[in-house]
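Bear in mind these aren't lab numbers, they're just calculated from the coordinates by the rules spelled out. Fair warning: this is a prediction, and the values are worked out from it, not measured in the lab. Note: ideal-geometry Cβ built from the backbone for every residue, glycine included; neighbour counts use all protein chains shown.
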Amino acid sequence: MKKIGIFGGTFNPIHNGHLNIAKKIGNSLGLDVIHIIPANVPPHKSYIPIMEGKHRYEMCRLACEGDPLFKLNDIELKKEGRSYTVDTLNEISIDYKYSKLFLILGSDSFLSITNWVGFEEITKLAVLCTTPRDIKEVAQLNKMDQLFKSRGVETIIFDIPVIPISSTLIRKRIQNRMEIHEMVPRNVADYIKINNLYNKIEYEDSNIK
């Protein structure tokens, strides 16, 4: 049975923190592949300006380049309207009928996933995986983990040192004309610079991770 990782997000832009978590979880679980899935319009972020999908896709492509563990998947970008994880998992599960899916989540998503559309179905389609951003989240995540397990939901919480980077911080550094080469792969940094991305003020106060 193959083990397939699913790692979605706005990736606005994708950065080394995303890649570090995905890589370490993938290696720990012995995943065969991790699908990196840029979202089209996330339901909980539809009111916030997001960089065009073609640019976020290209940045993800560059970030995944040369790493056989990562597979870029445009399943959500090809759809019109909002992206729902439950729909994505259903479609991927058809392609991987005899595989086990592992949904890699940020800790904030793990803690709020009960509010997502199709939550119950999500838990039947994939194992929920996450790691705390800092020591303050450990107790909260463990409490939620116990609740999930009491309901028969498969979950795994990893102890992975998180690189203190966010897409919000990267966008603000760009607007302040500061370097970002240590926060994103070099080819992604070059792409952002060449295409003059994230300089508009509309991105400055965005909360997108």
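Listing for the model above:
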item: Spin-label zone in the range 161-175 - amide nitrogen under 19 Å from a point set 7 Å from the Cα of ASN199 along the C-beta vector; result: 170-175
item: 24 Å Cα-Cα threshold exceeded, pairs from LYS124/LYS149; LYS71/LYS97; LYS54/LYS100; result: LYS54/LYS100
item: Spin-label model distance (nm) - MET1 vs GLU182, 7 Å beyond Cα toward Cβ; result: 4.3
item: Cα long-axis angle, helix 138-150 against the chain (0 to 90 degrees, to the nearest 10); result: 40
item: Dipole in debye (nearest 20) - the range 61-209, about Cα centre, beta carbon charges: Lys, Arg +1; Asp, Glu -1; result: 120
item: Residues of type aspartates and glutamates that LYS200 reaches as a straight line, Cα spacing below 15 Å, ignoring anything fewer than 8 places off in the same chain; result: GLU52
item: Stretchable slack from GLN140 to LYS78, in nm (0.36 nm times residue separation minus alpha-carbon distance); result: 18.8 nm
item: In degrees, nearest ten, helix 53-64 long axis to first principal axis of the chain (Cα); result: 70
item: Stretchable slack from TYR98 to PHE158, in nm (0.36 nm times residue separation minus alpha-carbon distance); result: 19.1 nm
item: Residue exposure sequence - ASP145, ASP108 - by fewest surrounding Cβ within 10 Å; result: ASP108, ASP145
item: 0 to 90° range, to nearest 10: angle between helix 16-29 axis and the chain longest Cα axis; result: 20
